[in-house]
Each structure stands twice: as C-alpha cells, then as structure tokens.
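To keep things clear, I will list the structure first and then write my remarks on it.
The values are calculated or read from the model by the stated rules, or taken from the named source; none is laboratory data. Values in this document were obtained by computation on a predicted structure and should not be read as measured data. Backbone-built Cβ (ideal geometry, glycine too); neighbour counts: all protein chains shown. Calculation scope for accessible area: heavy atoms of the full protein, side chains included, ligands and nucleic acids excluded. Shrake-Rupley method; radii C 1.70, N 1.55, O 1.52, S 1.80 Å.
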Amino acid sequence: MLSIPVEVLGWIFLIVTLFLILVVLVEISRNNRRREIGKMFATEEFDQKIQALQLTSEERQMLERLVRQSSFSNKDSVLNSPILFEEAVNFVYKLNHGAENISRHDQEIISTLRKKLSHLENAALYSYTSTRQFAIGKNVSLVLQENSKELSVHTQINQLDEVSWGVKNTNTFLAEYLSGKRVDVRLNIPGEAVYHANVRVIQVTSDSILLEHSTQLHKEQLRRWMRLAVNFPVKLEYKGKIIEGFLVDLSAGGILLSLPNLIPESALVQIQFLLPGFGEENLQVRILRQLHGGTSDAETGRISHSASFIGDFGETQERVLQYIFRERRAQKGT
C-alpha cells in the first residue's frame, strides 16, 4: 500500500485551502463589481425620487455610493427610511475604519443628504438608531456611575457633525472630571420615550463637552414604564387656594395625587413637592380624573386624582426619570 508522507499531505491541504479562498475572493469581487455597475431593483423609482429632490451631482454620487456599498437589493431603500439610510452610512464608515477617515467634504455631503431626504426630521417617527440623528438644541443628560454614586449634568446639544457631537458645558468642575470617561447619555422625548447610549467623552472645553457617536441606542417607551409608589407631601394651588396632600404615585408621564378635596377633571393646578436628591419641583399639571368615582379612601379620608405633566416640564421629567432609575437600582440591589 502506497503511503503519502505527512509533509506532502500538508502541502496538498494548504494548496486546496488557498484555492478555495481564491474562489471565494473572486466571487466576492464579482458580486461587488455587479453592485458597482449592475442595475439594482427599484432603479427607476430611485431616479425619479432623487430628480424631484434636486440634488447636486456630488450629492447624487454620494447617494449612489451609499447604495452600492450597502447590502440592500432595492436601490431606493436609503430614500424610504431613516433607519436604512443610517445603516448604509454606518457601513461606509466601517469600510473606512471610522467617519474621521473620509474627507471633511464627503462628511458634509452625507449630513446634507440626511437633511434633504427629511431623514433628520422623521427620525423620531421611526426611532433613533444613531446619535447622528439628534438635533442641536435638544435636551440631554450625561450620567456617570462612579463608586456607587450617580453624577449627572442636564444640558443641551450645541454642536453636531459626522465625527462627533457636543453639549453645552453647564458645570465646568464636573465636566473636567468627565474628560476621557464613558458616560450614559439620555435623550428624553417628553411623553414618548427616552433614548440611552453609552459614549466616551472625547474632550472638554470651556463651552462644550465633546462626545463620540454611538449607533447602539436603547429606547424605552414611557407608556411601558412601571410607576413608582412614593409618599411625598405636596402643596397644590387651585383657584387661589392652597391644598395640602400627598403624591403617592410617580412616573415620567404623570402622577397620582391624594387630596382632601375633589378637584374637577381637566383643571390646571400648580403643585410643589420635594424630589429626594434633586430638590423642590414646582410645575403645572392637569387633573385627568378622580379614581373610585371621586369617593374618599376609607383609611386616609382623601380622594385620589390622576394628573399629567403639561407645559415646559422637560427638566422636571428628566429628574423624575433619574430618580426612578436610581430607586429601581436600589430596589434590585444593583
């Protein structure tokens, strides 16, 4: 029986492996070539839509590049959805090992396309998938977990480009402490959702805190959040009179009040209460309804009223969210 030396078998195995790798690379190259010059699905729809948008020749070329280098089969996919547009953009950035490795001019074209395609204004309707979809002027919070303590800065987005984004430096001492650390970013859409992302603080200046972008956003629907049972003394002002009661239920969207008097539905009232760790809150709420038909609780003698936040309550809502997060972690022992 003929025996083949081990060395020869090794060479045969290596040659076969290299041949298979070569076949795979050739096929990938052919597929890429077909995507670069071939006709994709929905080409006519794509051409009609971009013609109506009156894009410049450079913008059209960049849009072609995003489509060709993505994994989509339909050419007009990046026109139809902010999510698919960002997916294509992220893929191009990954191919170049980061947005900073493509020219500044190309970065600006991508930013312009995002606006011209209405993907920036429509992003929230679909769900944010990238911090590049955020807008200047939006309120955000930066939260740092340090030695079982939570340090937070409530601020606004003041700069945004394809490489990084920044928020106002509203606390110089704390901001300098954040430099180089990773922080949790929270973007609160009042009454709808809160988006979370963990990002690195790139740089801190006297005006701004510069942050890296993230495509790993976590969304929490406010309506799905559990309410937190509390027992905070509250002062309510209605028709010039001060009524004292208790806030017994708290959420990001509204509250439950326990009051000695019946307040009519749809009434606008001013309330004051102390939120532990954050100070006094003074804001307007609208009474939605009285629970149990407006009858008094047998034990407390008070009437329960559900109410919702209205008006300019963004900062209060953000503090309420942080308080709920903190209490949940404490209850879970984390």
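Does the range 231-246 contain at least one residue that is polar (S, T, N, Q), open to solvent by 20 Å² or more (accessible area, probe 1.4 Å) and not in a loop (DSSP other than H, G, I, E, B)?
Checked the range 231-246: at least one residue is polar (S, T, N, Q), open to solvent by 20 Å² or more (accessible area, probe 1.4 Å) and not in a loop (DSSP other than H, G, I, E, B).
State the number of residues belonging to the range 180-198 that are at pLDDT below 85 and open to solvent by 60 Å² or more (accessible area, probe 1.4 Å).
Residues meeting the conditions: 2.
Among the residues of the range 125-162, what is the count of those that are open to solvent by 50 Å² or more (accessible area, probe 1.4 Å) and in a loop (DSSP other than H, G, I, E, B)?
Qualifying residue count for the region: 4.
Could you list, in sequence order, all residues of the range 277-291 that are within 23 Å of Leu151 (Cα to Cα), open to solvent by less than 70 Å² (accessible area, probe 1.4 Å) and either touching a strand residue (DSSP E or B) at 6+ places or on another chain (Cβ under 8 Å) or of a type in the set (Val, Ile, Thr) (or both)?
In the first step, residues of the range 277-291 are kept if they are within 23 Å of Leu151 (Cα to Cα); the result is 277-282.
Those left that are additionally open to solvent by less than 70 Å² (accessible area, probe 1.4 Å): 278-279, 281.
If the condition is that a residue be within 23 Å of Leu151 (Cα to Cα), open to solvent by less than 70 Å² (accessible area, probe 1.4 Å) and either touching a strand residue (DSSP E or B) at 6+ places or on another chain (Cβ under 8 Å) or of a type in the set (Val, Ile, Thr) (or both), then Glu281 is the only one that fits.
Going through Gly294, Gly253 one at a time, which residue ends up being surrounded by fewer than 17 Cβ atoms within 10 Å (Cβ to Cβ), among the small types (Gly, Ala, Ser) and under 32 Å from the mean Cα position of the chain (by Cα)?
Details: Gly294 fails: under 32 Å from the mean Cα position of the chain (by Cα).
It is Gly253.
Determine which single condition Ser308 fails, assuming it passes every other condition in (1) over 28 Å from Val140 (Cα atoms); (2) within 30 Å of the chain's Cα centre (by Cα).
(1)
Give me the residue from the range 26-46 that is surrounded by 13 or more Cβ atoms within 10 Å (Cβ to Cβ) and part of a helix (DSSP H, G or I) and, out of that set, modelled with the lowest pLDDT.
Arg35
If I filter the range 54-71 for residues that are touching a strand residue (DSSP E or B) at 6+ places or on another chain (Cβ under 6 Å), open to solvent by less than 90 Å² (accessible area, probe 1.4 Å) and modelled with pLDDT under 90, do I get at least one hit? Spell out the reasoning first.
Filtering the range 54-71 down to residues touching a strand residue (DSSP E or B) at 6+ places or on another chain (Cβ under 6 Å) leaves none.
Among the residues of the range 54-71, not one is touching a strand residue (DSSP E or B) at 6+ places or on another chain (Cβ under 6 Å), open to solvent by less than 90 Å² (accessible area, probe 1.4 Å) and modelled with pLDDT under 90, which makes the answer no.
Look at Ile202 and say whether it is in contact (Cβ under 8 Å) with a residue 24 or more places away in the chain and surrounded by 18 or more Cβ atoms within 10 Å (Cβ to Cβ). Show your work before the answer.
Values: in contact (Cβ under 8 Å) with a residue 24 or more places away in the chain: yes; surrounded by 18 or more Cβ atoms within 10 Å (Cβ to Cβ): no.
So Ile202 fails the test.
So, in the range 256-270, how many residues would count as being open to solvent by 10 Å² or more (accessible area, probe 1.4 Å), farther than 14 Å from Ile310 by Cβ and hydrophobic (A, V, I, L, M, F, W, C)?
2
Looking at the range 214-230 only, could you name the residues that are open to solvent by 100 Å² or more (accessible area, probe 1.4 Å) and either at pLDDT 95 or above or assigned to a loop (DSSP other than H, G, I, E, B) (or both)?
Gln216, Met226, Arg227
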